[in-house]
Amino acid sequence: MARILLGVSGGIAAYKALELVRLATQAGHAVRVVQTEAAQRFVGPASFAGLTGAPVLTSEWEHDPARGAFPGQALPEHEPLSHLALVAHADAYVVAPAGANTLAKLAHGLADNLLTSAALAATCPLVIAPAMNTHMWEHPATQANLALLIRRGATVVAPTQGALGSKGEWGMGRLAEPAVILETLAATLADAGRPGPTPGPWEGLRVLVTAGGTREPIDAVRFVGNRSSGRMGFALAEAAADRGAQVSVVAANVALPRDARVRYLDVETAAELQVACRAEFAGCDVLLMAAAVADFRPATPADDKLKKLGRANLVVAMEPTADVLAELAASRAAGQTLVGFAAETGAGAVASGREKLERKGLDAIVVNDVAGDGIGFDASENEVTLVTADGAEHIGRSAKRDVAFAILSLVERMRNGATVRD
Ligand code: CTP
């Protein structure tokens, strides 16, 4: 259970903050809410007060009947300044939705309302979930404000693409789903107690990650795909950004929250992934090839939807795709580090991984037994063996973010000239 202070700024997405409060209280967190004046035009304080069981503050001039106490806490005897008391008692300050104006104020340290004053006074982790119109989101001023906040240690839950508040508008800028904001908040709270990543020589390093699984069309609506969710690749990208690297991700059909520090290139098929990787590879120092790339694709995909009527069965002829990683490795330049991933099942996994390492000309290969329950494909945990020319290191079952940490530590050791132990 944590004490969460939620700042709600003005915007249509303010209604989703109600769902966030509901999920957070359901998860056992104590929530108090601060609303800006504009936010109250979209959702009334009575709704938040009803869900949190606590007064909602809307101005720094207002008397706080709870004197900064969270639900379940004893009221202090004295009357503290509300913006100081609220954040002093909070384990995390979440601003959701953060509109473009609030984002700009947070980035530049303005304190002209209770939400922004509280942010300035906060020493707890700050989690920001922006929501705005696509053009406002893409504006260099907004992007620079975001970068500033991230550099200062704020966690940003990136908005998603889709239909926006204004009728007929579509694009980037939808508030992330409340469940995703809550998940990020949980990770931020867990991180608050942990030591930060080991600083490494990643500043200025360009890292290319492939993530997800390719889809090869059979007809206009069907495809041949695989169960890769992209979690491992995205965890690697975030871990590399944590170390200060410049990170690009070629994402094959990944429906996961995105990190505002990372550049994403979306692809669907193995051929599209190949084109994107060819364009990005020459400029990268480290390649982490986590995507599950199809080895075969339907040779003649139908333009229309195939009909069932009159067919006793359906045989789809498949043709091989290019081995993207092997092709990139063949054109590698000095100083580049290449890490492949081998999804294996059963005995002989490490030997098979080593064979791929040699055949494809890699520096390391992460061997992943995808047959285990709750690990590998579409799972949040993994258990892998890191294989290099000199040895192998087993990483027991752990969260994918911890596996990512171990993989980057190996890359760091290899780039520093050390080898892994047997
Ligand atoms: N890979 C690739 N292009 C392909 C297939 C795989 O770039 N067409 C990459 C994967 O991203 C991974 C590595 O090669 O990093 C190993 O993938 P894997 O599927 O385990 O190896 P394959 O060579 O396809 O062997 P097999 O599927 O027969 O085990």
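Quick look at the numbers
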item: Selection status of L309, open to solvent by 50 Å² or more (accessible area, probe 1.4 Å), farther than 21 Å from G204 by Cα and of a type in the set (A, V, I, L, M); result: yes
item: Qualifying residues in segment 375-385 (those that are of a type in the set (V, I, T) and modelled with pLDDT of 80 or more) - the one surrounded by the fewest Cβ atoms within 10 Å (Cβ to Cβ); result: T385
item: Tally of residues being at pLDDT 90 or above and within 24 Å of the chain's Cα centre (by Cα) across segment 386-399; result: 1
item: Options V370, V366, V350, V411; residue that is touching a Ser or Thr at 6+ places or on another chain (Cβ under 8 Å), open to solvent by 40 Å² or more (accessible area, probe 1.4 Å) and of a type outside the set (D, E, K, R); result: V350
item: Any chance E358 is closer than 25 Å to A271 by Cα, open to solvent by 40 Å² or more (accessible area, probe 1.4 Å), assigned by TED's automatic domain parsing to the domain that holds V275 and touching a Cys at 6+ places or on another chain (Cβ under 9 Å); result: no
item: Those residues of segment 244-271 which are assigned to a strand (DSSP E or B), of a type outside the set (S, T, Y) and open to solvent by less than 40 Å² (accessible area, probe 1.4 Å), in sequence order; result: V247, V249, V250, A251, A252, V267
item: Residue list for segment 272-301, filter: surrounded by fewer than 16 Cβ atoms within 10 Å (Cβ to Cβ), within 10 Å of the ligand (Cβ to nearest atom) and outside any loop (DSSP other than H, G, I, E, B); result: F296
item: Residues located in segment 323-332, provided they are within 29 Å of the chain's Cα centre (by Cα) and either surrounded by fewer than 11 Cβ atoms within 10 Å (Cβ to Cβ) or outside any helix (DSSP H, G or I) (or both); result: D323, R332
item: Tally of residues being within 7 Å of the ligand (Cβ to nearest atom) and touching an Asp or Glu at 6+ places or on another chain (Cβ under 9 Å) across segment 302-327; result: 2
item: Verdict on V293 being under 30 Å from the mean Cα position of the chain (by Cα), at pLDDT below 95 and among the aliphatic types (A, V, I, L, M); result: no
item: Qualifying positions in segment 159-187 - modelled with pLDDT under 85, of a type outside the set (D, E, K, R) and surrounded by fewer than 20 Cβ atoms within 10 Å (Cβ to Cβ); result: Q161, G162, A163, G165, S166, G168, W170, G171, M172
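Quick grid of which residues meet (1) part of a strand (DSSP E or B); (2) touching a residue at least 12 places away in the same chain (Cβ under 8 Å); (3) among the polar types (S, T, N, Q):
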| residue | (1), (2), (3) |
| --- | --- |
| D303 | no, yes, no |
| K307 | no, no, no |
| F341 | yes, yes, no |
| L386 | yes, yes, no |
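The values are calculated or read from the model by the stated rules, or taken from the named source; none is laboratory data. Computed from a predicted structure; not experimentally measured. Methodologically, a virtual Cβ is constructed for each residue, glycine included, from the backbone with ideal geometry; neighbour enumeration extends over all protein chains shown. Only protein heavy atoms, including side chains, enter the accessible area calculation; ligands, DNA and RNA are left aside. Shrake-Rupley method; radii C 1.70, N 1.55, O 1.52, S 1.80 Å.
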